[in-house]
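The values are calculated or read from the model by the stated rules, or taken from the named source; none is laboratory data. Since this is a predicted model, take the numbers as computed values, not measurements. All Cβ positions, even for glycine, are placed from backbone atoms using ideal geometry, and neighbour counts span all protein chains on display. Ligands, DNA and RNA are stripped out before the accessible areas are found, and what is left, the full protein with its side chains, is counted by its heavy atoms. Shrake-Rupley method; radii C 1.70, N 1.55, O 1.52, S 1.80 Å.
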Amino acid sequence: MAARRIPYEVVRYVPRRFKHWPPYYSILANVLTNATLPSISLGRHSCSLKWKVAPQDAFLKRWAPAQAAWARGQKVTRLIGYDASPADTRRYAHASAIDDPLFNCRYPLREWNWTRDRCIARIEAAGLPVPPKSSCFFCGAIRPDEVRALPQWCLRLIVLIEARAEPRLRTVEGLWRRSTKTKPGRITDFIRAERLLSEAEVDAIRRDAPTELVRFQDAAGLVPVSERPTMEEWLESFNAGLMEAA
């Protein structure tokens with residue numbers, strides 16, 4: 001878009017209310033702060049709504065061309081990148097059934113009948129790198145082969161997320177929800193079974209990190225919000241400490 005001089009804006013969801021917690025600015029820090037799992041692991045699908053859709057909607061509601069269109073009784077046309085592959089077809093079926101009073105949605109890739117493979121071929125033909133899957137590495141929809149391909153720092157954080165949330169879980173086991181014949185409910189158990197991290201490291205994270213995180217949160221809660229260290233700072237220390245130990 002920049003090369004073709006197409007105006008664009010980068011928008012982000014920015015939490016503003018932290019109560020007695022350290023400030024956080026990512027889904028990872030959010031789930032660790034609240035000792036929970038991403039919504040998909042709990043049977044919901046609100047991550048994209050909160051972190052992707054809501055910031056776009058907030059920007060557009062302040063965008064002068066959109067405001068002018070709505071004042072005229074018109075809708076704003078929104079272009080959505082769902083392709084013609086089966087997974088996006090299911091997403092399209094759900095999204096297209098929603099009657100939005102402010103937006104008309106179009107799906108150019110589907111209009112062109114472009115599948116995911118066709119999109120990849122077009123990117124490669126332009127000499128550009130194919131972007132990675134646009135999901136969090138700790139998403140409950142991650143597949144076993146994708147877990148195997150993760151770097152160790154991601155695996156350590158997955159162990160931390162599940163250990164931090166474990167005391168509050170009642171209806172699910174972990175990020176993969178419940179155990180099946182093909183995989184366990186906890187990705188931590190998969191990491192152990194596949195020996196993607198050593199037993200000693202997994203045990204150390206589960207034993208020490210959640211307690212250290214709570215201690216950090218309690219200390220931060222005594223400091224005025226404007227002066228509190230952020231969850232991202234704690235995560236930097238967590239990663240740096242593990243890398244030193246490795």
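Accessible surface of the chain, 1.4 Å probe: 54 percent of it comes from carbon and sulfur atoms.
Principal axis extents of the C-alpha atoms in the range 19-114 (largest first, rounded to whole Å): 44, 36, 19. Here the scattering of the range 166-244 is modelled by Debye summation over its C-alpha atoms, one equal scatterer each and no solvent; at q = 0.13, 0.15, 0.23 Å⁻¹ the log10 of I(q)/I(0) is -0.56, -0.71, -1.13. What's the angle, to the nearest 10 degrees (0 to 90), between helix 86-95's Cα axis and the longest principal axis of the chain? Approximately 70 degrees, to the nearest ten.
Dipole of the range 1-160, Cα-centred, from +1 at each Lys and Arg C-beta and -1 at each Asp and Glu C-beta, to the nearest 20 debye? Don't jump to the answer; show the numbers that get you there.
Details: 25 positive and 11 negative charges, 91 e Å.
Roughly 440 debye for the range 1-160.
Relative to the longest principal axis of the Cα atoms of the chain, the long axis of helix 152-165 lies at roughly 80 degrees. Using the 1.4 Å probe convention, the accessible area of the range 10-98 works out to 62 Å² per residue with neighbouring protein chains retained. Sorting 172-182, 71-81, 111-121 by their mean Cβ neighbour count within 10 Å, with the most densely packed peptide first, gives 172-182, 111-121, 71-81.
Based on protein heavy atoms only, the range 127-246 ends up with 58 Å² per residue of surface accessible to a 1.4 Å probe. Where (1) 1, 7, 14, 18, 19, 16, 12, 8, 4, 1, 0, 0; (2) 1, 5, 10, 13, 15, 15, 13, 11, 9, 5, 2, 0, 0; (3) 1, 5, 7, 7, 7, 6, 6, 6, 5, 5, 5, 5, 4, 4, 4, 3, 3, 3, 3, 2, 2, 2, 2, 1, 1, 1, 1, 0, 0, 0, 0, 0, 0 are the candidate values, the label of the one calculated here for P(r) over Cα pairs in 5 Å bins from 0, in percent is (2). Mean projected area of the Cα convex hull of the range 109-220, taken over all directions, amounts to 10.7 nm².
Over the chain, dividing the summed -39,500 (n - 2.57) contributions of all DSSP H runs of at least 4 residues by the number of residues returns a 222 nm mean residue ellipticity of -13500 deg cm²/dmol.
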